[in-house]
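The values are calculated or read from the model by the stated rules, or taken from the named source; none is laboratory data. None of these values were measured; they are calculated from a predicted model. So basically every Cβ, Gly included, is an ideal-geometry build from the backbone, and we count neighbours across all protein chains shown.
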Amino acid sequence: MARELFTARLDRKDCISESAQCFHFEFTLEGVEAFPFKSGQFISAVAKDANDKQQTRAYSIASASDGKRFDLCVNRVENGFFSNYLADLHEVPVGGTIQIHGPHGHFTLHEPITDSIFIATGTGIAPMRGYTQWLFPPDGPDRSEGKDIWLVYGTRHETEIYYREEFEALAARHPNFHYLVTISRPQPSWTGLRGHVQEHVARIIEERAARLGQTLPQPPPDASMPPAELRFDIYTYICGLNNMVSGVRDLLTNYGWHRKQIVFERYD
């Protein structure tokens, strides 16, 4: 059955990293009253290439649900049809439109909200931005319920820290939101965290367990409990390339984390 297509008008386009050719897009759907979705879901964009062949590309939504609006965060990819189609002004200028369907996906927050570790690299930051906008809306009630929320973002260079000022401001306003950036190829002038996300996630888990008097590795849950009824006091949400996702999953498994505590989405 054919999916319902929506027309999305491009309202804003900003290059947020020249070195990575990463773009922030803001769209508004036309002809609908609202476009509800859960933070962490994705849309699929549809267009025909030069050979009149239909191309479809899935993109995580980089914002929380807000009327008819949604944001995307997209890297230009060499020989990538859709990333270049979106990034090139002559293809989709501000005021121009694209066709999409959605929302889709289950990479969404467990409720009730628990302590949570968000882990992202590259444009994997997109769903994390949606999570934080939903948890800490600027004009609405704080939905975090005082739980500790960590965002651990890894990238190669300081010029590729997407939405840095936004997350730093959020951390300044909310003491239970902890924003950690780690650089794998830092310049000597970089004074922040270095290395890959795994080592900093390990520190968060170990320090939290010590503070709560918990032992590591964690004991397994009651085997008699049905899987649908399993509940945990902390979850992690991981989005990025396969090597990073697999590395973090292995780390958490070694700490005794249950697979249902580890929510992930890979984009390669």
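The number of residues in segment 104-122 being surrounded by fewer than 21 Cβ atoms within 10 Å (Cβ to Cβ) and part of a loop (DSSP other than H, G, I, E, B) comes to 9. Candidates Arg249, Arg211, Arg266: the one that is free of Cβ contacts under 8 Å to residues at least 40 places away in the same chain and within 15 Å of the chain's Cα centre (by Cα) is Arg266. Yes or no: Ile125 closer than 28 Å to Ala209 by Cβ and touching a Cys at 6+ places or on another chain (Cβ under 7 Å)? Yes: the conditions hold for Ile125. Among the numbered conditions (1) buried (at least 16 other Cβ atoms within 10 Å of the Cβ); (2) in a strand (DSSP E or B); (3) not hydrophobic (A, V, I, L, M, F, W, C), the only one that Arg12 does not meet is (1).
Is it true that Gly95 is in contact (Cβ under 8 Å) with a residue 24 or more places away in the chain, part of a loop (DSSP other than H, G, I, E, B) and touching a helix residue (DSSP H, G or I) at 6+ places or on another chain (Cβ under 6 Å)? No: the conditions fail for Gly95. Among all positions in segment 163-175, there is at least one residue which is assigned by TED's automatic domain parsing to the domain that holds Pro127, out of contact with any helix residue (DSSP H, G or I) (no Cβ under 7 Å at 6 or more places or on another chain) and farther than 30 Å from Asn75 by Cα. Quick check: anything in segment 179-187 touching a residue at least 24 places away in the same chain (Cβ under 8 Å), buried (at least 16 other Cβ atoms within 10 Å of the Cβ) and within 17 Å of Ala64 (Cα to Cα)? No, the conditions are met nowhere in segment 179-187.
Any residue at all in segment 110-121 that is in contact with a Leu (Cβ under 6 Å, 6 or more places away or on another chain) and either outside the structural domain of His196 (by TED's automatic domain parsing) or within 17 Å of Val245 (Cα to Cα) (or both)? For segment 110-121, residues in contact with a Leu (Cβ under 6 Å, 6 or more places away or on another chain) and either outside the structural domain of His196 (by TED's automatic domain parsing) or within 17 Å of Val245 (Cα to Cα) (or both): present.
I need the full set of residues from segment 84-115 which are farther than 16 Å from Thr7 by Cα, of a type outside the set (Val, Ile, Thr) and under 19 Å from the mean Cα position of the chain (by Cα), in order please. His104, Gly105, His106, Phe107, Leu109, His110, Glu111, Asp115 - these are the residues of segment 84-115 that are farther than 16 Å from Thr7 by Cα, of a type outside the set (Val, Ile, Thr) and under 19 Å from the mean Cα position of the chain (by Cα).
Phe42: assigned by TED's automatic domain parsing to the domain that holds Gln21, crowded, with 18+ Cβ neighbours inside 10 Å and at pLDDT below 95, yes or no? Against the criterion (assigned by TED's automatic domain parsing to the domain that holds Gln21, crowded, with 18+ Cβ neighbours inside 10 Å and at pLDDT below 95), Phe42 does not qualify. Of all residue pairs spaced 6 or more apart or on separate chains, those with beta-carbon atoms under 6 Å, a first member in segment 193-207 that is touching a residue at least 24 places away in the same chain (Cβ under 8 Å) and a second member that is part of a helix (DSSP H, G or I) and among the β-branched types (Val, Ile, Thr) are Gln198/Val248. Considering segment 216-268, and only residues there that are of a type in the set (S, T, N, Q), modelled with pLDDT of 95 or more and out of contact with any strand residue (DSSP E or B) (no Cβ under 6 Å at 6 or more places or on another chain), the residue that is nearest to Thr108 (Cα to Cα) turns out to be Ser246.
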